[in-house]
Amino acid sequence: MPDPTSADHGDPITDPASGEFHDPETIRIRRADFDDSRDVATVRRLVQGFADVSKVTLSPSVQDTVAPFLGRRAAFVLLAEDLGPERDPKKPEAVAMLIAQRILSSFQAGERINIHDLYVIPEAQGRGIGRRMLSVCADHARALGCSDLTLEVAGDNAPARSLYRTFGFDIPEGDVPNGSVLYGKCPLS
């Protein structure tokens, strides 16, 4: 069976707001290899970028150990790499990451995938990369026999809430209490 984390996902996308055309062929999504020092450095850079936009300060020890930590757990990290014509094909730039983990679902006597973090660098946002990463994650979860995806999202993160809702997560619309964190589940059947 082909690896769903490196499959082609999607036709060309037109952004309705800008009318810009984005070709999914210029973005490759693959699993991070924690034995590859470049992937370890990339995961560290993207985690730091996500922490920066989340206004979280990472201690030096966390910065140094986050990628090896993820590599030792039942976690997997998806990287989205920009393969556009202006890029060196031997050194594509990772522009997004999704960190997820297999967890138990006691009520279903099975497993599910919990998405811990989804981060797209600001310069690459609005190109459908987050949706494609969710799709690759869902394909990987199905291949593992998982029943659904779960995640938490900050209540004040309206763009993420909208993305997750349109993907099929049961995230509420409208205003929520300040500082709230919302739980969402998306069935895979």
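Each value in this text was obtained by applying a stated rule to the coordinates, not by laboratory testing. Treat the numbers as computed from the prediction; the structure is a model and nothing was measured. Cβ sites come from the backbone with ideal geometry, for glycine too, and all protein chains shown count toward neighbours.
Above 24 Å lies some portion of the pair distances; for the chain, what is it as a whole percent of all C-alpha pairs? List each step's numbers first, then the result.
Working: 7127 of 17766 pairs.
Above the 24 Å cut-off, the chain has 40 percent of its Cα pairs.
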Taking placed amide H atoms and a strict 5 Å upper bound, the residues 5 or more places from VAL95 or on another chain that come that close are ALA80, GLU81, ASP82
What range in the chain is the longest one free of trypsin sites (Lys or Arg not before Pro) that are in a loop by DSSP and have at most 15 other Cβ atoms within 10 angstrom?
91-189
So, relative contact order of the chain in percent, Cα under 8 Å, 6 or more apart, is 18
Any idea what diffusion coefficient the stretch 55-111 gets from Stokes-Einstein, in µm²/s, Kirkwood Rh on alpha carbon pairs, 37 °C, 0.692 mPa s?
229
Taking amide hydrogens as modeled 1.01 Å from N in the peptide plane, which residues meet the under 5 Å criterion relative to HIS116, leaving out close sequence neighbours?
ILE99, ALA100, GLN101
GluC sites (Glu not before Pro) within the stretch 33-124: which are DSSP loop residues with at most 10 other Cβ atoms inside 10 Å?
GLU86
